[in-house]
1. Hey, how much of the P(r) for region 66-137 falls beyond 14 Å, as a percent of Cα pairs?
2. Are there trypsin sites (Lys or Arg not before Pro) in region 14-111 that DSSP puts in a loop and that have at most 12 other Cβ atoms within 10 Å, and which ones?
3. Assigning unit charges at the beta carbon (Lys, Arg +1; Asp, Glu -1) and nothing else, what dipole magnitude in debye, to the nearest 20, does region 66-137 show about its Cα centre?
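Throughout, read-outs are computed from the coordinates displayed, never taken from laboratory work. Since this is a predicted model, take the numbers as computed values, not measurements. Neighbour counts run over all protein chains shown; Cβ positions are idealised from the backbone, glycine included.
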Amino acid sequence: MRKAAYFLAGTGDRKISDTMSDFLGASWRATVRAFKSIPNRIFGRIRKVWRDYRDRPPRKDISRVYLVVGYTTKKYVDERYNAERRMMIMRRGLLALIFFLLLFIVLDRSLSAFNYNEVKQMFGFSSWSELLKNDPFSERKETEQTTAAITPTTAANAEKNLDT
């Protein structure tokens with residue numbers, strides 16, 4: 001402990017250049033050691049994955065494979081699997097129920113606080129049909145009520161009315 005404090009303090013007989021060269025040398029050795037160990041770590045990881053793949057039990061179908069330790073029966077394993085499956089289904093159902101309840105509560109609270117009369121006054125329309133009636137960008141065709149078709153009979157009637 002005393003040596004470490006002496007080394008870090010940099011006081012005494014040692015020069016700062018000696019301390020720096022020791023530090024840089026140790027850093028260099030640690031860096032080289034780290035780079036040299038990279039291939040061994042990679043190959044070790046590959047060996048571990050290969051060993052796990054090789055030692056796993058054979059699968060005949062898509063159902064779960066149990067590594068049985070000790071004595072048991074197929075009935076016990078199947079019951080355990082079915083119990084886990086039921087619990088998963090119940091958890092998912094409860095989670096969905098909680099989500100829909102929260103969604104319902106949020107919508108109920110936000111819609112009850114919404115004042116429609118205020119919005120009508122703010123924007124100046126009371127229904128969507130009223131808003132869309134005078135829309136200049138709509139692509140709907142004009143109805144017969146908005147454009148009167150001029151036929152020869154109506155033109156003749158109009159001329160008679162002008163003459164009289």
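1. 78
2. Lys15, Arg59, Lys60, Arg64
3. Magnitude of the dipole: close to 560 debye.
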